[in-house]
Amino acid sequence: MKQLFYFLFIFSLISCGGNDSLNEDIPQNNPSDLEPKKILTYLAELPVSTNFNPDWYYEFFYENGRLRRMNGRLSKVDTGSSSFYLFYNDKQTNITYTANQATVQYDEPQNGIKKIVYSFQNSKLIKAEIYNTQDEVYKVKNYSYQNNKILIHTKWYTWDTYETYFFDANQNLEKSEKLDLSNSIETKLTTTYYMNFDQSENPYKKLYLMNDNFFVKSLSKNNYRKISYLVQDLQNPQYTPGSGHSEWTYQYSSTGQVILY
């Protein structure tokens, strides 16, 4: 437990470091980054959703090397005793850009979210302000960076999460740690390991603002094909931690690129 408090202390020092002198701008997209036009929802959302339907796919539209619009939205429906997914091909998500911000706007609220405003410094994402249907900021994410690490602190109401993403020498994700707090009390620690990377170029580099799953997929140089996770209940350490894994197979073109649609 002492290690967790030390982690929070270090995180707060990094997040509060002065950056007033930095030039603020949105990162220029690498011209060599892929610009996928369509991705089957089944492939895009693995391992979040494993439903295969050939009529479910995302469409992406670009302008001057930047993503401008995504068509398609996956929604999870909870019935109390079970849950399932629905996909809407006609739902749009649009992105507008200014000098140091990108605004993701939903044509209809998604899970109570109307829009997200991302802010950048020195070509790095530093903040996300999430607006509800009343056009009020109710959740804020702050991003900070260390060697081979990305740290994210999310705050909303009385809840906090601290996420750390660790990278290997090949610029691929090794693992992530997510610490959940409620009223400043540590409640859960989730550790996820990313494995079995291919050698194919990552097609999610320009899609990372669309949703949390795309963000995680975009972080690596290549594409992971297996994850395993461990969930610890910090309020009841006597309980056996929850665990699980997901593994899948991609198809590849003759040039070695992952086939998305």
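Starting from residues that are in a strand (DSSP E or B) and polar (S, T, N, Q), keep the ones in segment 188-225 and report whichever is nearest to the chain's Cα centre (by Cα). Before you say what the answer is, go through the steps one by one.
If we filter segment 188-225 for residues that are in a strand (DSSP E or B), which is where we start, we get 188-195.
Right, trim to polar (S, T, N, Q) and you get 190-192.
On the way: THR190: 15, THR191: 15, THR192: 13 Å.
Here the residue is THR192.
Only one of the numbered conditions (1) among the acidic types (Asp, Glu); (2) more than 23 Å from ASN183 (Cβ to Cβ); (3) modelled with pLDDT of 95 or more is not met by ASP107, and that is (3). Restrict the check to segment 32-41 and report whether at least one residue is at pLDDT 95 or above, within 16 Å of PHE215 (Cβ to Cβ), touching a Phe, Trp or Tyr at 6+ places or on another chain (Cβ under 8 Å) and not in a strand (DSSP E or B). Scanning segment 32-41 turns up at least one residue that is at pLDDT 95 or above, within 16 Å of PHE215 (Cβ to Cβ), touching a Phe, Trp or Tyr at 6+ places or on another chain (Cβ under 8 Å) and not in a strand (DSSP E or B). If you go through segment 65-89 and pick out every residue that is more than 19 Å from the chain's Cα centre (by Cα), loosely packed, with under 13 Cβ neighbours inside 10 Å, of a type outside the set (Phe, Trp, Tyr) and in a strand (DSSP E or B), you end up with 4. In segment 112-135, of all residues being over 16 Å from the mean Cα position of the chain (by Cα) and polar (S, T, N, Q), the one that is surrounded by the most Cβ atoms within 10 Å (Cβ to Cβ) corresponds to GLN121.
Would you mind stating whether TYR138 is surrounded by 13 or more Cβ atoms within 10 Å (Cβ to Cβ) and touching a residue at least 24 places away in the same chain (Cβ under 8 Å)? Lay out the reasoning, then the answer.
Numbers: surrounded by 13 or more Cβ atoms within 10 Å (Cβ to Cβ): yes; touching a residue at least 24 places away in the same chain (Cβ under 8 Å): no.
In short, no.
Scanning segment 90-99 for residues that are buried (at least 16 other Cβ atoms within 10 Å of the Cβ) and either among the basic types (Lys, Arg) or not in a strand (DSSP E or B) (or both) returns a single hit, LYS91.
Segment 143-184 holds strands (runs of 3 or more DSSP E) entirely within its bounds, and those carrying 3 or more residues that are crowded, with 19+ Cβ neighbours inside 10 Å and not aliphatic (A, V, I, L, M) map to 159-167.
Go through the residues of segment 233-247 one by one and say whether even a single one is in contact (Cβ under 8 Å) with a residue 40 or more places away in the chain and within 27 Å of THR93 (Cβ to Cβ). Give the steps one after another, and end with the answer.
Here is the first cut: in segment 233-247, the residues in contact (Cβ under 8 Å) with a residue 40 or more places away in the chain are 233-235, 246-247.
This time we only want the ones that are within 27 Å of THR93 (Cβ to Cβ), so: 246.
Scanning segment 233-247 turns up at least one residue that is in contact (Cβ under 8 Å) with a residue 40 or more places away in the chain and within 27 Å of THR93 (Cβ to Cβ).
The values are calculated or read from the model by the stated rules, or taken from the named source; none is laboratory data. In this text, all values refer to a predicted model and were calculated from it rather than measured experimentally. Reconstructed Cβ throughout: ideal geometry from the backbone, glycine too, with neighbour counts over all protein chains shown.
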